[in-house]
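What follows is a short report on a single structure.
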Amino acid sequence: MGRLIVVSNRVQAPKDASDSSVGGLAMALAAALRAYDGFWFGWSGETTEEFDGQMNVEERGGVTIKTIPLEAQDVDEYYNGYANKTLWPLFHHRIDLTAYERSYSHGYERTNKRFAEVLEPMLEPDDVVWIHDYHLIPLASYLRKLGVRNRIGFFLHTPWPARQLLVTLPHHGQMVRAMGAYDLIGFHTEEWRGLFCDYLIEQAQGKRLDSDTVAASGEIYRTGVFPIGIDVEGFVEGSHSELAIRTLKRMNKSGDGRSMMVGVDRLDYSKGIEERLSGFEQFLTDHEEWRKRVFLLQVTPLSRDTVDSYQDIRERLEGLAGRVNGQFADMDWQPIRYLNRTYRRDQLAGIYRASRVGLVTALRDGMNLVAKEYVAAQNPDDPGVLILSRFTGAAEQMTAALLVNPYAREELADAIYRALEMPLEERIERWQSLMDVVRHTDIAIWRDTFVSELQATAVTPPRFAASVH
Ligand code: ADQ
């Protein structure tokens, strides 16, 4: 294969193979870029007054990174606007939070077009291009308009929304038609892929050609399911590192014999953190005997804090954590420890390992890697229990977790009780089955399967050039 070109909104290449500050996804993509001698292209995160083609090129940990700054209006309309105020809430079934601003969609198209114009001259005929996530859905169609014939794949990290919600988007037809420019479109689960195909068939009068392929609006859509995972070996290794062991001891000491439960999520309304705290509140109300014997460590770094709905959820969470603590705490015990900070991966592994229960209660989530990290970090001889929302992509595979509906406070409270009381034998049995899933959906498997399927797709037919010029 020729070079691999990865394109995503932000670029996060690690400094080296032991860099613990970036996630498993960045590590895996960086490893592929090193192997295929390609580069990673995206936004630098910087703003410029007027874009005049300036590009940053740097080497980080053996990976070539090419980034461009964006103009302030683009950051407002493309990134904060259409990506984070329109598509993110819509794709997470929150049409109550979705902004339908015309200027946002114009900014989104303009910025995608700019990405295409900068990228196109850097492409060589054999390059395979892999575009990531909801920020860049129409990018391939702009590349095709510029005559690019390379194989181009797209992977969506979020859920795909139900057709009945997607049609609330003013230009839904245009957006989906533009996706016909991809040679392969990847989703985490059968459910998200099914919803995409449902739109093509029901809304765009498409015709199913085989289980993966639908013809609609003059385009052929080839889809695939590629459940993302974590760097399992790296994570297991990290959980034995000196820092992880130090963290584990520190947590055990500060827990003072109490059972710890843990939640680790970016501060985002899709993660169901409020529902989690309410479920815990219900549990403490229902089970007086567990008060003072358990606490919840909620680790929640701030994200997208320039967007109003993120400021709102932050305030609500602070209020709720304060209320539960005010109601139940005693001078020597506090039920919720709520922190807004990030940790290194090996530290997180130590935190996961120290906790008796891992709580993942997202209301809708493409996959949810925290669920997999929690399982990978456990002590096989004395593992903790994963409570997992049915509405995550992870729930499609991780059926040995305690699956819950996070909207149902009492159901969540019951699951917490069951997890805390679960006998060792059942915990081991469930953990082994979960760990099998985690191993079989390793991040390297995800990456290599996607790239080889993309590579195996037929060369882009000339119809693209004909239809878009
Ligand atoms: P996210 O919405 O960011 O990802 P998730 O899959 O849970 O959600 O990944 C979050 C990552 O951030 C995890 O690796 C976690 O360890 C890390 N993280 C969270 N809090 C942290 C903290 N306090 N300190 C350090 N690290 C922290 C999107 C989609 C998901 C999909 C992924 C990958 O929304 O559904 O699983 O992409 O495709």
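The values are calculated or read from the model by the stated rules, or taken from the named source; none is laboratory data. In this text, all values refer to a predicted model and were calculated from it rather than measured experimentally. Cβ placement follows ideal geometry from the backbone for every residue including glycine, while neighbour counts extend to all protein chains displayed. Please note that ligands, DNA and RNA were not included when accessible areas were found on the heavy atoms of the full protein model with its side chains. Shrake-Rupley method; radii C 1.70, N 1.55, O 1.52, S 1.80 Å.
Table for the structure above
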item	result
Elements of type strands (runs of 3 or more DSSP E) in region 1-80, at least 2 residues being farther than 16 Å from E117 by Cα and open to solvent by 30 Å² or more (accessible area, probe 1.4 Å)	39-48, 56-60
The listed residue being under 18 Å from the mean Cα position of the chain (by Cα) and open to solvent by 10 Å² or more (accessible area, probe 1.4 Å), out of E190, E219, E233, E202	E190
Any hit, region 373-386, residues being of a type in the set (A, V, I, L, M), part of a loop (DSSP other than H, G, I, E, B) and more than 16 Å from the ligand (Cβ to nearest atom)	no
Subset of region 100-135 (residues that are crowded, with 19+ Cβ neighbours inside 10 Å, touching a helix residue (DSSP H, G or I) at 6+ places or on another chain (Cβ under 8 Å) and farther than 21 Å from F51 by Cβ)	V128, V129, W130, Y134
Scan of region 81-99 for residues that are open to solvent by 60 Å² or more (accessible area, probe 1.4 Å) and touching a residue at least 12 places away in the same chain (Cβ under 8 Å), ordered by number	H93, R94, I95
Any hit, region 406-417, residues being among the aromatic types (F, W, Y), modelled with pLDDT of 95 or more and in a loop (DSSP other than H, G, I, E, B)	yes
Any chance R353 is open to solvent by 40 Å² or more (accessible area, probe 1.4 Å), away from the ligand (no atom under 11 Å from the Cβ), assigned to a helix (DSSP H, G or I) and touching a Leu at 6+ places or on another chain (Cβ under 7 Å)	yes
Residue within region 315-326 that is among the charged types (D, E, K, R) and either crowded, with 20+ Cβ neighbours inside 10 Å or within 14 Å of the ligand (Cβ to nearest atom) (or both) present	no
Sole exception among (1) within 16 Å of the ligand (Cβ to nearest atom); (2) in contact (Cβ under 8 Å) with a residue 40 or more places away in the chain for S303, by number	(2)
Test: T361 is within 9 Å of the ligand (Cβ to nearest atom) and of a type in the set (S, T, Y)	no
